[in-house]
Amino acid sequence: MKTRILHMAGLMLLFYGCNKDNVVPVPATGPVSVMTETYPLPPASKLLLEGVYRVTSGSDKFGDLMVVKWNRTGVLFANNNGKHFIMEAGHLDSVVFIQGYWRDGYSDATGACTMIVGRSEGGTSLVTGNGAQQIIIRGAYAKESGLPDQTLTMEYLRPFSDKVKNSNFYILGHRAGGRNSDRLPVSENSLAMIKYTERLGTTGIEVDPRLSSDKIPFIYHDPDINIRLTQKGPLAGDVSAYTWRQLSSFVRLIHGEKIPSLQEVLNYVVDSTSLRFVYLDMKTAEAVPIIIPMQLKALQRAKDNHRKDSLLIVMGIPSTEVLNAVLAYPGYQNVPTLCELTVDDVRQLNSKVWAPRWTLGTQNDLVQQMQNEGRLAVCWTIDSPGWIETYLNDGLFNGLLTNYPYVVAYYHYIQE
Amino acid sequence: MGRIKTVLTLVLIFFTLVVFSQQKDSVKVRLNHYTLTIGPGWTHYIDNMDYGVQKIRKDFAGVSFRFLWEPEHRLSLGLETGYYKLFRVTNQLNADTSVHIDRVVVPMLLFVRMRIVDHVYLGAGLGLAIITNKAAGAGQEIATKTTSFANFEFSGAYVYPLSKHWNVGGEFKMFHFGALDDWMYSIQATCAVRL
């Protein structure tokens, strides 16, 4: 009898053990963060800190080279195998403090990290902005939970190449910047993700517009309300069957955020981010005539905010149904579109962007044709480090859509 | 090739003998039979919702139907279905408007039952479920259907034979419907007829 009870208990444990947590916890750097005592670095100092670093201690885990790149809210360290550091930086006197955590994008591994640039190891240069000193970033990372106790040292190797500095390459984050399946701390297709994704190295996002039953466009990937995307609640089934009020009242995304309306997303991107590209991956043709005026209004808002040249908002055309809906819209040739179909369709629509699937290859001749016609070419959705490296080294695309923007960032910024 | 044919023939003969040796003479006592069971009862939804619930009713009446092949051995095999209302959520949108959200499930399970001791059975089911969600209020009704492919049931039953053809009893059932992670249990009075 005892054995039977033990077997039953074992089966129950096995069953419940299959339930994965939704998120990899963000490690804390300690009870008191030094960052609250520091002052923000001036823009010139941030530029000095950016570049390619040689990992002199800790390379067994993080590889030989690391790219350091600032974003709107912090600094990203990225290496070639998906491990990346999401950090904040500030200075106190002539010492630069850099603190945050590392995460392996392809697994659940994570840990806290605390680093400094000492006064005589580049700190003075960074704070004064004169750039004369060799920068050495020293510190430690935690292998798992706990305080950082493994040495990590990075020495400045070179600035980004002119090719990189002069390029207008787009690193596009899938589903507003990241997927739930990668167990990020915020939900895919949420305002929180749009706020967070720049920390992963993205310079643009792809979002998934749908239409509620009362014709309000909102952002949500799947056709149904499910426990992959949402917290468990009383609504279920076809998400477009519900009114916007019902969705916003009774549905919360997996980390508790509201489903955002497209209007909220566009306003947020324009007003509160440095993102340069928004790819509206249309999920329904019915939404086309409703979304185009919103798209044009958002572009006008960007222009009013002096962001016209730096922000591209394109309507994605993934199917012939959406293509036909766009073609039926008066003046469609003046609507900025991204066409995933053939180059002939791109020309017919006068699309700004051609976006082929990555499995079709680099297609350099067609990409060049598009670029010669004044269009851009971006490729979707490419995730493997090996392919990302190949497409960046051998391809001519103006951007890549990915679930792992820090990997694309590494291979882009490290180019010579 | 000839050797393979011989081996296959022997295997076939072996299994045929095994299968037929399990069947007893059915002229005197017909042990191998089929039963049809109906089980009305009380159901309780285990509320694991994270969001969107102001007021919830979790107890309802439900009913199940089961068709079983009962050979003379401990194990029986069959199909089970039923109709269960899981919950009714009532949310107030504003002072004047409230919305009722009902969830109903119809499972369609392959069911295996085993006699543990006389009259006492344990069972398990695995299969599909059709989940219907209905939101009504503010002048409209929205019904959506979700097909859940990973669902299971565990049950324990006491069955008392009234006559050669009729059994009555009670059964406790626990269900999990995978698509929306819904759990419920049910206590049912059962009545079975031997066909």
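The values are calculated or read from the model by the stated rules, or taken from the named source; none is laboratory data. In this text, all values refer to a predicted model and were calculated from it rather than measured experimentally. When we count neighbours, we look across all protein chains shown, and the Cβ atoms used for this are built from the backbone with ideal geometry, even at glycine.
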Item checked: Residues being surrounded by fewer than 18 Cβ atoms within 10 Å (Cβ to Cβ) and assigned to a helix (DSSP H, G or I) - total across region A:269-284 -> 2
Margin query: Considering only region A:122-134, I want to know if a residue exists there that is surrounded by 18 or more Cβ atoms within 10 Å (Cβ to Cβ), at pLDDT 95 or above and either of a type in the set (Gly, Ala, Ser) or under 17 Å from A:GLU88 (Cβ atoms) (or both).
Written below: no
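Would you check if there is a residue in region A:161-183 being within 14 Å of chain B (Cβ to nearest Cβ) and under 30 Å from A:TYR101 (Cβ atoms)?
Of the residues in region A:161-183, the ones within 14 Å of chain B (Cβ to nearest Cβ) are none.
No: region A:161-183 contains no residue that is within 14 Å of chain B (Cβ to nearest Cβ) and under 30 Å from A:TYR101 (Cβ atoms).
What residue, of B:ILE142, B:ILE116, B:ILE130, is modelled with pLDDT under 95 and within 30 Å of B:VAL99 (Cα to Cα)? It would help to see each step written out before you state the result.
On the way: B:ILE116 fails: within 30 Å of B:VAL99 (Cα to Cα); B:ILE130 fails: modelled with pLDDT under 95.
Checking each option against the conditions leaves just B:ILE142.
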Checklist line | Search result, residues across region A:218-263 that are facing another protein chain (nearest Cβ under 7 Å) and among the β-branched types (Val, Ile, Thr) | finding: A:ILE227, A:VAL251
Notebook entry, point to check: Can you list the helices (runs of 4 or more DSSP H) found entirely within region A:340-416 that contain at least 3 residues being farther than 19 Å from A:ALA78 by Cβ?
Noted result: A:343-349, A:364-372
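If we keep just the residues of region A:203-217 that are among the β-branched types (Val, Ile, Thr) and farther than 12 Å from A:ILE290 by Cα, which is nearest to the other protein chains (Cβ to nearest Cβ)?
Residues of region A:203-217 that are among the β-branched types (Val, Ile, Thr), as a first pass: A:203, A:205, A:207, A:216.
So of that shortlist, the ones also farther than 12 Å from A:ILE290 by Cα come out as A:203, A:205, A:207.
Working: A:THR203: 33, A:ILE205: 25, A:VAL207: 22 Å.
Top of the filtered list is A:VAL207.
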Check: Can you find even one residue in region B:79-101 that is surrounded by fewer than 19 Cβ atoms within 10 Å (Cβ to Cβ), closer than 18 Å to A:ALA236 by Cβ and touching a Phe, Trp or Tyr at 6+ places or on another chain (Cβ under 6 Å)?
Finding: no
Notebook entry, point to check: Hey, among the residues in region A:160-177 that are in a loop (DSSP other than H, G, I, E, B) and modelled with pLDDT of 95 or more, which one's farthest from the chain's Cα centre (by Cα)?
Noted result: A:SER161
Next item on the list: Considering (1) in contact with a helix residue (DSSP H, G or I) (Cβ under 9 Å, 6 or more places away or on another chain); (2) surrounded by 15 or more Cβ atoms within 10 Å (Cβ to Cβ), say which one A:GLU373 fails and leave the rest.
Entry: (2)
Margin query: For region A:184-196, check the following and say yes or no: at least one residue is within 14 Å of another protein chain (Cβ to nearest Cβ), within 20 Å of B:ALA143 (Cα to Cα) and in a loop (DSSP other than H, G, I, E, B).
Written below: no
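If you take the residues in region A:230-259 that are β-branched (Val, Ile, Thr) and touching a helix residue (DSSP H, G or I) at 6+ places or on another chain (Cβ under 6 Å), which one is surrounded by the most Cβ atoms within 10 Å (Cβ to Cβ)? If you could, list the steps in order and put the result at the bottom.
Narrowing region A:230-259 to residues β-branched (Val, Ile, Thr): A:230, A:239, A:243, A:251, A:254, A:259.
This time we only want the ones that are touching a helix residue (DSSP H, G or I) at 6+ places or on another chain (Cβ under 6 Å), so: A:254, A:259.
Values: A:ILE254: 20, A:ILE259: 24.
The qualifying residue surrounded by the most Cβ atoms within 10 Å (Cβ to Cβ) is A:ILE259.
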Next item on the list: Would you check if there is a residue in region A:296-309 being without any contact (Cβ under 8 Å) to a residue 24 or more places away in the chain, over 25 Å from the mean Cα position of the chain (by Cα) and outside any helix (DSSP H, G or I)?
Entry: no
Item checked: Criterion: surrounded by fewer than 17 Cβ atoms within 10 Å (Cβ to Cβ) and either more than 10 Å from every other protein chain (Cβ to nearest Cβ) or touching a Leu at 6+ places or on another chain (Cβ under 7 Å) (or both) - qualifying residue of B:VAL159, B:VAL168 -> B:VAL168
Next item on the list: Name, by its number, the condition in (1) of a type in the set (Ser, Thr, Tyr); (2) within 14 Å of another protein chain (Cβ to nearest Cβ); (3) touching a residue at least 60 places away in the same chain (Cβ under 8 Å) that does not hold for B:SER186.
Entry: (2)
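Given A:VAL314, A:VAL407, A:VAL378, which one is in contact (Cβ under 8 Å) with a residue 12 or more places away in the chain, assigned by TED's automatic domain parsing to the domain that holds A:MET193, under 19 Å from the mean Cα position of the chain (by Cα) and farther than 24 Å from A:LYS283 by Cβ?
On the way: A:VAL314 fails: farther than 24 Å from A:LYS283 by Cβ; A:VAL378 fails: farther than 24 Å from A:LYS283 by Cβ.
One residue alone meets the criteria, A:VAL407.
If you take the residues of region B:48-60 that are exposed (fewer than 15 other Cβ atoms within 10 Å of the Cβ) and under 25 Å from the mean Cα position of the chain (by Cα), which of them is farthest from the other protein chains (Cβ to nearest Cβ)?
Pass one, region B:48-60, residues exposed (fewer than 15 other Cβ atoms within 10 Å of the Cβ): B:48, B:50, B:54-55, B:57, B:59.
Those still in the list that are under 25 Å from the mean Cα position of the chain (by Cα) too: B:48, B:57, B:59.
Values: B:ASN48: 6, B:ARG57: 11, B:ASP59: 16 Å.
So the residue we want is B:ASP59.
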Check: Does region B:127-146 contain at least one residue that is within 14 Å of chain A (Cβ to nearest Cβ), surrounded by 14 or more Cβ atoms within 10 Å (Cβ to Cβ) and under 15 Å from B:GLU80 (Cα atoms)?
Finding: yes
